[in-house]
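Novice: Below: one structure in structure tokens.
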């Protein structure tokens, strides 16, 4: 029973990770953020879409197969994958002592959000989010430590080698902040894990912590693909700044995560900025397929991975990821919007 792969805690995967988000921004659900013209944006209102009702999405989870995502939305795949050209990784496993390779299938949870900032792009300090002090103040429950390129898991762990950059190494980009973070599970979820550990005698014990490695940086002007990003956002005004956060190693649940915040001039008001924020989580498909082994244990029937992930389990609680991805991401977007506006 690989309960340790259940998405029990992805909290703090993205910046502005306060457990209680700013509540003065209103979420307005739309089918497509890119279809919302700048003139339709309203103050303190976030246009939001997580594509759970798209035709591509799985009806039970709202997630999209990686291969379908890449085929139908190649521009998103280009900018929101771990790196351009990223493919589902080949994983080596041992079956009865015989080494075998298989493709790790992925499902994507992709979010788009757009909102107004009541100040010009030049007044927004994206670099503050590459400060460890700022991150620690945002959510004290998550403990961070700086890491170097030599400590990045894809460089030192053969099991993570598929997440290595094809050209260069993680944590070597000038001005980047690279951290390893540790987050203790919250709410009812640790209780479920302890019970599962008791039932799984002799097997690998499940951690009550989520651990991940992240690179955060403001893209330098020479690295900004202005033409591609204007196509991605659907707004033709100049790109004024880009903040990128890449999760290149996670101890369970998923293969990678990406946050991309794109700031653009408002086409009709030089004292306003349009922010478009994208989030992408690549969840391991086998997490979603773990069902029968949980249903056979009455007390764990509500711990089915897909239900926990999407906030449909009695084990979900709180305002952070313990509530499930849909609530968590909405709160996170509110916090990001509030931070940009300060």
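The values are calculated or read from the model by the stated rules, or taken from the named source; none is laboratory data. Model, not experiment: these values are computed from the prediction. Positions of Cβ are backbone-derived with ideal geometry, glycine not excepted, and every protein chain shown enters the neighbour counts.
Novice: I need the full set of residues from region 162-175 which are surrounded by fewer than 17 Cβ atoms within 10 Å (Cβ to Cβ) and within 14 Å of residue 223 (Cα to Cα), in order please.
Specialist: 174, 175
Novice: Now a separate question. If the requirement is being within 29 Å of residue 269 (Cβ to Cβ), touching a helix residue (DSSP H, G or I) at 6+ places or on another chain (Cβ under 8 Å) and modelled with pLDDT under 90, which of these qualifies: 128, 114?
Specialist: Just one listed residue meets the conditions, 128.
Novice: Condition first: touching a helix residue (DSSP H, G or I) at 6+ places or on another chain (Cβ under 9 Å) and at pLDDT 90 or above. Now tell me which residues in region 34-53 satisfy that.
Specialist: 44, 46, 47, 48, 49, listed by residue number.
Novice: Has region 7-14 got any residue that is surrounded by 15 or more Cβ atoms within 10 Å (Cβ to Cβ) and modelled with pLDDT of 90 or more?
Specialist: The answer is no; no qualifying residue exists.
Novice: Related question: Tell me, which helices (runs of 4 or more DSSP H) wholly within region 253-342 include 2 or more residues that are within 20 Å of residue 49 (Cβ to Cβ) and modelled with pLDDT under 85?
Specialist: 325-341
Novice: If I ask for residues that are out of contact with any strand residue (DSSP E or B) (no Cβ under 7 Å at 6 or more places or on another chain), in a helix (DSSP H, G or I) and modelled with pLDDT of 75 or more, which ones from region 158-193 would you list?
Specialist: Within region 158-193, 158, 159, 161 qualify.
Novice: Would you mind stating whether residue 121 is closer than 24 Å to residue 229 by Cβ and surrounded by fewer than 19 Cβ atoms within 10 Å (Cβ to Cβ)?
Specialist: no
Conditions tested, residue by residue: (1) farther than 15 Å from residue 281 by Cα; (2) out of contact with any strand residue (DSSP E or B) (no Cβ under 8 Å at 6 or more places or on another chain); (3) in contact (Cβ under 8 Å) with a residue 60 or more places away in the chain; (4) assigned to a loop (DSSP other than H, G, I, E, B).
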site: 47; (1), (2), (3), (4): yes, no, yes, no
site: 52; (1), (2), (3), (4): no, yes, yes, yes
site: 57; (1), (2), (3), (4): no, no, no, yes
site: 60; (1), (2), (3), (4): yes, yes, yes, yes
